[in-house]
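Only one structure is covered here, and it is reproduced in the block below.
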Amino acid sequence: MAEGQAVGRVELKFDPKILEGLGKPLKTVTFKVYRFDPSRGEGVTYSTYQVPIFRGTTVLDALLYIKERMDPSLTIRYSCRMAVCGSCGMVVNGKEMLACKTQVEGLKSDTLVVRPMHNLPVTRDLVTDFDAFFKKHRAVLPYIIREDVDVNIDREYQQRPEEVVDYLMFANCIKCGLCYSACPTSATDEMFLGPQAMSQAFRYVADSRDDGHRQRMDVLDSPHGIWNCHFAGSCSDVCPKGVDPAFAIQQLKGLLIFRSGYLKKKRPAPNVQQKRELVPER
Amino acid sequence: MKESKVMLIQYLTGAFIIVLGAVHFALLTFAGGGYDNALKFSTVVFTYTAYGLAFELLLAALTFHVFNGFRKVLTELHQGRTYERAVTWALALAGGATFLWGTRTVLVFLGVIG
């Protein structure tokens, strides 16, 4: 069995006994993991580990294996382990992916270079700071806005199934930040809203219950808003939930330039109480 | 001016440049009876005199498209309120100067100024 080692940090011997009860590994994969600890002031290093891979082992499983048995100082953020929480986004062999959703076998490589997401400041090792990301998310007012009724009342809004389809895909966003990391514009323009925030803006603009498109469009139609998108499409390429932010951004551009009249005329769907007033019950 | 208006002009001038640019190159290549005569002094003078307005429109479209595009590139590479204002004003002035100098050339060819 290959020997585990951490280059430039601590050296730990890999004990084959720890594999007892796990079955026979398919192969051993070399993990080169990005290491950065601001308190040490050493800059960025890469630690190398030999990890046994079993059928179904995910990148997160492998990283936790390293943390539990080889190098406890490795820092990772994760939670649900089922591609729902969006906590374990990282860059593996140059492509953004969720560590919990990505099986090592599927990457078809004997060496995996794992690093934290791009375009976000690194807190430590594979953990990034999401403050700027969520600040931009909040800037597009990602919630239903109604001026005509109190949104806190307990009556539902009327919405047809085909109106749900208009935004359903974008409601699947788990805010993992992979699209933001893959975006080439976010790499150079730190004030750029980013694909996640803009796709969420479209999610609410396209929602028939919403009446906040004017406020939202003011944010989007700014020097660092939707017009800086180069339509590289990498955001859509890496999304683990099948959301298409590039499509949303192009739709927003179209709405602003060619269909501004539609936005002016758009009226939000009534809630149950309003509908009874409009169409009295028999 | 809102960014959407600026970008709408950017897209329209881009489309305009493709059309008018094609006319421009066609005139330069084929006017005067063919490629051999295209660069003769009399042919060039005729082309500029006959299509002066078209050249002026092409100049206006090119000036806006180029300098606004350059502004977008520069403000994407570096951010900051002061920096962005400085870039916008500097390029607006440079664009204005370019347009004026080009217009002067067109007017000289048209014989409006000596």
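The values are calculated or read from the model by the stated rules, or taken from the named source; none is laboratory data. As the structure is a computational prediction, the values presented were derived from the model and not from experiment. FYI the Cβ positions are ideal-geometry reconstructions off the backbone, even for glycines, and counts take in every protein chain you see. SASA here: full protein model, heavy atoms, side chains in, ligands and nucleic acids out. Shrake-Rupley method; radii C 1.70, N 1.55, O 1.52, S 1.80 Å.
Just a few scattered comments:
- Just so you know, in the stretch A:110-148 the residues that are within 30 Å of A:A206 (Cα to Cα) and among the aliphatic types (A, V, I, L, M) include one that is surrounded by the most Cβ atoms within 10 Å (Cβ to Cβ), and it is A:V140.
- Qualifying residue in the stretch B:31-50 (condition: under 13 Å from the mean Cα position of the chain (by Cα) and either more than 14 Å from chain A (Cβ to nearest Cβ) or modelled with pLDDT of 80 or more (or both)): no
- Qualifying residue in the stretch A:126-145 (condition: in the same structural domain as A:V29 (by TED's automatic domain parsing) and of a type in the set (K, R)): no
- Scanning the stretch A:84-109 for residues that are among the aliphatic types (A, V, I, L, M), open to solvent by 10 Å² or more (accessible area, probe 1.4 Å) and not in a helix (DSSP H, G or I) turns up A:V84, A:M97.
- Of the helices (runs of 4 or more DSSP H) contained entirely in the stretch A:167-242, those carrying at least 2 residues that are open to solvent by 10 Å² or more (accessible area, probe 1.4 Å), free of Cβ contacts under 8 Å to residues at least 60 places away in the same chain and within 14 Å of another protein chain (Cβ to nearest Cβ) fall at A:184-188, A:213-220.
- Condition check for A:R155: more than 28 Å from A:D237 (Cβ to Cβ), surrounded by 12 or more Cβ atoms within 10 Å (Cβ to Cβ) and over 15 Å from the mean Cα position of the chain (by Cα): yes
- The set of residues in the stretch B:38-50 that are closer than 15 Å to B:V108 by Cβ and crowded, with 16+ Cβ neighbours inside 10 Å comprises B:V44, B:T47, B:Y48.
- Residue match in the stretch B:99-108 (condition: within 14 Å of chain A (Cβ to nearest Cβ) and in contact with a helix residue (DSSP H, G or I) (Cβ under 8 Å, 6 or more places away or on another chain)): no
- Scanning the stretch A:60-80 for residues that are over 15 Å from A:V127 (Cα atoms) and in contact with a Phe, Trp or Tyr (Cβ under 9 Å, 6 or more places away or on another chain) yields a count of 7.
- Check on B:G14, within 12 Å of the chain's Cα centre (by Cα), within 14 Å of chain A (Cβ to nearest Cβ) and not acidic (D, E): yes
- Scanning the stretch B:61-114 for residues that are surrounded by 12 or more Cβ atoms within 10 Å (Cβ to Cβ) and of a type in the set (S, T, Y), we see that the one that is farthest from A:P223 (Cα to Cα) is B:T105.
- The stretch A:6-40, residues that are open to solvent by 70 Å² or more (accessible area, probe 1.4 Å) and modelled with pLDDT of 80 or more: A:K24, A:L26, A:K32, A:P38, A:S39, A:R40
- Selected residue [within 14 Å of chain A (Cβ to nearest Cβ) and either modelled with pLDDT of 95 or more or within 20 Å of the chain's Cα centre (by Cα) (or both)] from B:L93, B:L8: B:L8
- All told, B:L20 falls short of being in contact with a His (Cβ under 7 Å, 6 or more places away or on another chain) and away from chain A (no Cβ under 14 Å).
- Residue within the stretch B:42-56 that is in contact with a Gly (Cβ under 7 Å, 6 or more places away or on another chain) and touching a residue at least 40 places away in the same chain (Cβ under 8 Å) present: no
- Annotation note: Cβ proximity below 8 Å between a residue of the stretch B:80-92 that is without any contact (Cβ under 8 Å) to a residue 24 or more places away in the chain and a residue that is open to solvent by 60 Å² or more (accessible area, probe 1.4 Å) and not aliphatic (A, V, I, L, M) (sequence gap 6+ or interchain) occurs for B:E84/A:P223.
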